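For reference, the structure is listed below as structure tokens.
The values are calculated or read from the model by the stated rules, or taken from the named source; none is laboratory data. Everything numeric here is computed off the predicted structure, so don't read it as measured data. Cβ sites come from the backbone with ideal geometry, for glycine too, and all protein chains shown count toward neighbours.
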Amino acid sequence: MKIAVLPGDGIGTEIMAEAVKVLQVLDLRFELESALVGGAAYEAHGHPLPDATLQLAKDADAILFGAVGDWKYDKLERHLRPEQAILGLRKNLGLFANFRPAICYEQLVGASSLKPELIAGLDILIIRELTGDIYFGQPRGRRTAADGHFPGAEEAFDTMRYSRPEIERIAHVAFQAARKRDKRVTSVDKANVLETFQFWKDVVSEVGLLYPDVALDHMYVDNAAMQLVKAPKKFDVLVTGNMFGDILSDEAAMLTGSIGMLPSASLNSSNQGLYEPSHGSAPDIAGQGVANPLATILSVAMMLRFSLNQPQAALRIEAAVKDVLAAGWRTGDIYSEGTTRVGTRAMGDAVVAALHKSKG
Ligand code: NAD
């Protein structure tokens, strides 16, 4: 099993060190190979996704990714900015299905801005289509308007589009994921206004007929945004397009209180995947040793489950994280009175210790 380790920038290197420590205490054989990505790769090689890094990612069974970005790169041309590395990896590896679980751990109920009763026990899964929609549709650009409200004025435009196979494959991913959970899928669209999403709704409904054991309902995206803060526990699996998923998955992340706890996975059709925390490189706290490594450690668990076929090892890591929280260890982002504040390394060590203990 070959894992490409791409720590990236900012807190990426700090949290990745802890995730690798966790991988190394499992009784499994992995080949780990690291490479630069993002701003670090730009500094060393003049590009955020050098050919050697891309090749390593392509050859690996799974990619463990930290985070990329820093404000100091904001003035670079767009194709040289660190964040382009993620888009390049998604595109080159065909990573079309993004899994973002939003789980509220019992011990962290107080960290959410919502009332405890709304989020206690929350466990939802957002599946976002990652390679289509208005983010990639052509044509796009700027031009002089030929018609519209202001003919002759400068205007910009993008194209929203989805093909049948693109919708079918993400719908299958959602229904199959739901089968391993509470067997409910909510497909989020804007079919009342957008042609693309009426088509989305029709195709998801057709695929749904192949999964009679899974309940399917449809919801407009504006209502979904409201329901996520009003009654988030009503959802099980929520599947949607690239742009709506981008927004709703961040909204769902915040329900749980800390972005430092949330893993994510992006998979292609051969189950090769890129695993990363849901947060960014947090330049405001980078280098201080205070970042929460648990989102990255939980991303390791997702990697073991989805790409490396090691579900037992995944369960062990998830149980170790719960044990560490139950023992009161907290990084600053999830700290509350009466718990013990620790740094990045001590949090990683605590998970490693819990794993050793579970081994007996
Ligand atoms: P961010 O997620 O990096 O940080 C948002 C806030 O959350 C900050 O206050 C940060 O300190 C805190 N935070 C994030 N992760 C944390 C952790 N593990 N432990 C404790 N606190 C944590 O988002 P941002 O500040 O909007 O972006 C910073 C940089 O990261 C930008 O350059 C952005 O483009 C990039 N970014 C990268 C990714 C990625 O690599 N996938 C995702 C989002 C943003």
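General remarks:
- In segment 87-97, the residues that are within 12 Å of the ligand (Cβ to nearest atom) and either of a type in the set (D, E) or modelled with pLDDT of 95 or more (or both): L89
- Residue selected from segment 233-276 under the condition surrounded by 21 or more Cβ atoms within 10 Å (Cβ to Cβ) and more than 30 Å from T344 (Cα to Cα), by the criterion farthest from the chain's Cα centre (by Cα): F235
- Some residue of segment 286-297 being at pLDDT 95 or above and touching a strand residue (DSSP E or B) at 6+ places or on another chain (Cβ under 6 Å): yes
- Within segment 16-42, the residues that satisfy the criterion of being surrounded by 18 or more Cβ atoms within 10 Å (Cβ to Cβ) and under 24 Å from L76 (Cβ atoms) are M16, A35, L36, V37, G38, G39, A40, A41, Y42.
- Criterion applied to L49, L6, L32 was being closer than 23 Å to S278 by Cβ, of a type in the set (A, V, I, L, M, F, W, C) and part of a loop (DSSP other than H, G, I, E, B), and the one residue passing it is L49.
- Where strands (runs of 3 or more DSSP E) fall entirely within segment 81-198, those with at least 2 residues that are closer than 30 Å to L36 by Cβ are at 97-103, 123-129.
- Pairing residues of segment 330-342 that are under 12 Å from Q107 (Cα atoms) with residues that are assigned to a loop (DSSP other than H, G, I, E, B), at Cβ distances under 6 Å and at least 6 apart in sequence or on separate chains, gives R330/T339; I334/S258; T339/G328.
One line per residue, one yes/no per condition, for (1) within 12 Å of the ligand (Cβ to nearest atom); (2) within 21 Å of the chain's Cα centre (by Cα); (3) in contact (Cβ under 8 Å) with a residue 60 or more places away in the chain; (4) more than 24 Å from N268 (Cα to Cα):
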| residue | (1), (2), (3), (4) |
| --- | --- |
| L36 | no, yes, no, no |
| H45 | no, no, no, yes |
| A57 | no, yes, yes, no |
| Y73 | yes, no, no, yes |
| L76 | yes, no, no, yes |
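- Subset of segment 104-154 that is in contact (Cβ under 8 Å) with a residue 60 or more places away in the chain and polar (S, T, N, Q) - its residue that is farthest from L255 (Cα to Cα): T131
- L228, sole failed condition from (1) without any contact (Cβ under 8 Å) to a residue 60 or more places away in the chain; (2) out of contact with any helix residue (DSSP H, G or I) (no Cβ under 9 Å at 6 or more places or on another chain): (2)
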